[in-house]
Amino acid sequence: MVGDDAHASLVEAIAWWRIGDADGRRVLTDAATEALVAGAESEALAELAGLPGDESPFAVDALLARVIAELGLDRALSADQEMLSVRRLARAVLTGEIGERDLTRWVHTRFHHESSSDLVNRLAELDDDLDIAQDGIKGSVADAHARIREVASMLVNGPQAD
């Protein structure tokens, strides 16, 4: 059985591919490799991990259908694909793969301040706060980064009880 983090990363990678964002193929192959290392057993997943860079998007979609069926990911992927993608980016911030600004800028561009999620809207606000802090008007960049990481943690792990 695949570990929870590897499972979540794979689901998020598939959502990332589906919404057509940058590096979708690399994100898929990395997540597939991670899932295999974590113990997932799936012929289609192994094929996905070794996906050639020039594979047709239609072939990738067909392979993903097999991965989803073999690993029973239908239910996990029934969630909003963009929200799964936000979680992927939040997880990437927490692991240091991307910076805080990358997350807030993507969210702000994608959702503006109009998401159905209060946490996502908070990230858009924090993107504005970063601009203000960088211009030296109010607050510090370090404080804004800490607040972004806090929201990213809530997106990935759920709100923490006090």
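Structure notes:
- Sites ALA38 and ARG105, calculated FRET efficiency, Cβ-Cβ separation with R0 45 Å, nearest 0.05: 0.90
- Fraction in percent of alpha-carbon pairs per bin - 5 Å, the stretch 4-78: 3, 18, 33, 30, 13, 3, 0
- At R0 = 30 Å, FRET efficiency that the Cβ-Cβ distance of HIS113 and ALA142 yields, to 0.05: 0.80
- Cβ-Cβ FRET estimate between ASN157 and GLU70, R0 fixed at 41 Å, reported to 0.05: 0.90
- Each Lys or Arg adds one and each Asp or Glu takes one away; over the other residues whose Cβ falls under 10 Å from the Cβ of HIS113, this sums to -3.
- ILE132-LEU94 pseudo-label distance in nm [points 7 Å out on the Cα-to-Cβ vector]: 2.7 nm
- Directionally averaged shadow of the chain, computed from the convex hull of its alpha-carbon atoms, nm²: 10.5 nm²
- Inter-part distance where the stretch 1-68 and the stretch 99-162 are each reduced to a Cα centre, Å: 28 Å
- GNM result for the chain, Cα springs below 10 Å: residue of THR95, THR33, THR104 fluctuating most strongly: THR95
- Calculated [θ] (222 nm, deg cm²/dmol) that DSSP helices of n ≥ 4 give over the chain, each run adding -39,500 (n - 2.57): -22500 deg cm²/dmol
- The percentage of C-alpha pairs in the stretch 81-157 whose separation is greater than 14 Å is 55%.
Throughout, read-outs are computed from the coordinates displayed, never taken from laboratory work. Note that this is a predicted model, so its numbers are computed, not measured. No Cβ is skipped: glycine too gets one built from the backbone with ideal geometry, and neighbour counts run over all protein chains shown.
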